[in-house]
Amino acid sequence: MTEGKVRLWRVDREINLRAQLSVFQRGAGDPTSRWGADGSFTRAAQTPDGPGTLHLVCRSAGSAVECTAWGAGARWLLDSVPQLLGAADDPAGFEPRHPVVADAWRRFAHWRVPRSGLVMDALAPAVIEQKVTGQEAFSGYRRLVRRFGEPAPGPLGERLWVPPSAAEWAMIPSWAWLQASVDGARSRALVGAARVAGRLEQCVSLTWPQAQTRLRALPGIGVWTAAEVAQRALGDADAVSFGDYHVAKDLGWALLGRPVDDAGLAELLEPYAGHRYRVQQLLALAG
């Protein structure tokens, strides 16, 4: 790869990049991220300092991560790496209460809740994914990023794209949303959020209840979308994906041997309060 800013982050636990960062890839064709044959992960994002690209690869059997970044946001992205890889997450007090959870925790004890610190980066694709199939949402996001984003800084050229900035999301014309199969309700929600992106980015310094209140005050941002942001941008270990078409059913099958609805899921996860998303993602990782 061409020259960029580099740092080596050493950790006291094994890092599995695919387990740690798979939630940031929006479908196999996500233009903003890609996996390398060597297990490396490269991601482009809009940072407070501008667009940037971050390339991560594990060294020393996973006990160190080599980080290279390019673009105006390079230094910001390098500084964000520890929290992106879960350094701010504290699993203290987490106690598996089901055998399947205990097994998942044994297999993925190295996993921690990531925190990207980028609210719009998580919010934009989440809004596009509201109430549609994953295939339709990923296709729409891909079209919009390639049309209104920009090639990522660094050596990958047009194989990797930076998503639009908040100002650019807000300027997308109505016909372009429709061409990407994003209906008016979702496009209005995303444009409205983009227009107050500065206040939304402040959520990274708020408590989760405060951040949730700020997010859900926006038209079209419900409990599911807010949780999607919390899981990726805010590092919240308790933000369950209530309202998801699959999550309640899947967790019900895993923990009880039968599907449950959101009310049943809330009751089922109540003993894990403070770590409910941890349970959700551990079971997802364990398949």
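The values are calculated or read from the model by the stated rules, or taken from the named source; none is laboratory data. Since we're looking at a predicted model, the values are computed, not measured. All Cβ positions, glycine included, derive from the backbone under ideal geometry; neighbour counts span all protein chains shown. Ligands, DNA and RNA are stripped out before the accessible areas are found, and what is left, the full protein with its side chains, is counted by its heavy atoms. Shrake-Rupley method; radii C 1.70, N 1.55, O 1.52, S 1.80 Å.
On the principal axes of its alpha carbon atoms, region 137-287 extends 45, 33, 31 Å, with the longest extent given first. The C-alpha radius of gyration of region 1-69, expressed as a fraction of 2.2 N^0.38 Å, stands at 1.11. In a DSSP loop and with at most 14 other Cβ atoms within 10 Å, there are no chymotrypsin sites (Phe, Trp or Tyr not before Pro) in region 103-151. Taking packing as the residue-averaged number of other Cβ atoms within 10 angstrom, the listed peptides 160-172, 45-57, 86-98 run from highest to lowest as 45-57, 160-172, 86-98. Across the chain, Cα pairs under 8 Å and at least six residues apart give a relative contact order of 19 percent. Dipole magnitude for region 61-162: computed about the Cα centre from +1 point charges on Lys and Arg Cβ and -1 point charges on Asp and Glu Cβ, it is near 280 debye.
State whether region 36-188 is rounded, prolate or oblate according to the following rule on the C-alpha gyration tensor (a ≥ b ≥ c being the square roots of its eigenvalues): a/c under 1.5 gives rounded; otherwise a/b larger than b/c gives prolate, and the remaining case gives oblate. Oblate, because a/c is 1.5 or more while a/b does not exceed b/c. Whole-Hz Karplus values for region 231-243 come out as 5, 9, 8, 9, x, 8, 7, 10, 7, 6, 7, 5, x Hz, taken residue by residue from phi with 6.51 cos²θ - 1.76 cosθ + 1.60 and θ = phi - 60°; glycine and proline positions read x. Taking all Cα-Cα distances within region 1-123, those exceeding 17 Å account for 59%. Put a plus charge on the Cβ of each Lys and Arg, a minus charge on the Cβ of each Asp and Glu, and nothing anywhere else: the dipole of region 1-123 about its Cα centre is then about 140 debye. Per-residue ellipticity at 222 nm computed for the chain from its helices equals -12000 deg cm²/dmol, with DSSP H segments shorter than 4 residues left out and the rest contributing -39,500 (n - 2.57). Here, region 42-102 is characterised by an Rg to Rh ratio of 1.16, where Rg is the alpha-carbon radius of gyration and Rh the Kirkwood radius. Take the alpha carbon gyration tensor of the chain, find the square roots of its eigenvalues, order them as a ≥ b ≥ c, and report rounded if a/c is under 1.5; if not, report prolate when a/b exceeds b/c, else oblate. Oblate, since a/c reaches 1.5 and b/c is not below a/b. What is the extension gain from residue 176 to residue 270, computed as 0.36 nm multiplied by their sequence separation minus the C-alpha to C-alpha distance, in nm to one decimal? Length gained, residue 176 through residue 270: 29.6 nm. Oblate is the label for region 115-165, because a/c, from the alpha-carbon gyration tensor with a ≥ b ≥ c as root eigenvalues, is 1.5 or above and a/b does not exceed b/c. Taking label points 7 Å from Cα along the Cα-to-Cβ direction, residue 158 and residue 261 give a separation of 5.0 nm. With all protein chains present, how much of the accessible area of region 172-280 (probe radius 1.4 Å) comes from carbon and sulfur, to the nearest whole percent? It is 55 percent, rounded to a whole number. Peptides 114-120, 24-30 ordered by packing proxy, namely the average of other Cβ atoms within 10 Å per residue, highest first: 114-120, 24-30.
Averaging Cα coordinates gives a centre for region 89-162 and one for region 6-80; these two points are 12 Å apart. Computed with every protein chain present, the accessible area of residue 150 is close to 70 Å² [probe 1.4 Å].
Short-range pairs are left out: with C-alpha atoms under 8 Å and at least six residues apart, the relative contact order of region 39-107 is 22 percent.
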